[in-house]
1. Does ILE95 qualify as being closer than 21 Å to PHE12 by Cα and in contact (Cβ under 8 Å) with a residue 24 or more places away in the chain?
2. Criterion first (over 16 Å from the mean Cα position of the chain (by Cα) and not hydrophobic (A, V, I, L, M, F, W, C)) does GLY76 satisfy it?
3. Let me confirm something: among LEU6, LEU18, LEU26, which residue is under 18 Å from the mean Cα position of the chain (by Cα) and at pLDDT below 85?
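The values are calculated or read from the model by the stated rules, or taken from the named source; none is laboratory data. Note that the coordinates shown come from a computational prediction; the quantities given were computed from them, not determined experimentally. Backbone-built Cβ (ideal geometry, glycine too); neighbour counts: all protein chains shown.
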Amino acid sequence: MAWIYLLIAIFFEVAWALGLKFSDSLSLSKPGITGFTVFSMIASVFFLAIAVKQLPLGTAYAIWTGSGAVCVAIFGIIFFNEPVFASRLIFLFLIVTGVVGLKMVS
């Protein structure tokens, strides 16, 4: 069950990062999106806290941040026309490799 909580935490991690893009950097000009972003931040940390009750902290945190970073980078490439370089894709792949490796040894 801890892994499910970690997946939920990662979902909210990605949601708040994307929310920053749409909320105009948490300005109050878009209160609905800003509220969703802040809610997602709190939910992400909340579910991470539940997950680390059963998972090693270092493993859970590395998977949480690494998976979130990769997902946000992919969303940025697909939806925000962020640059795609071979080196960027290689390093994203290395993060995924590390996340999978951590999952396998935990």
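1. yes
2. When the stated conditions are applied, GLY76 does not pass them.
3. None of the others qualify; the one that does is LEU26.
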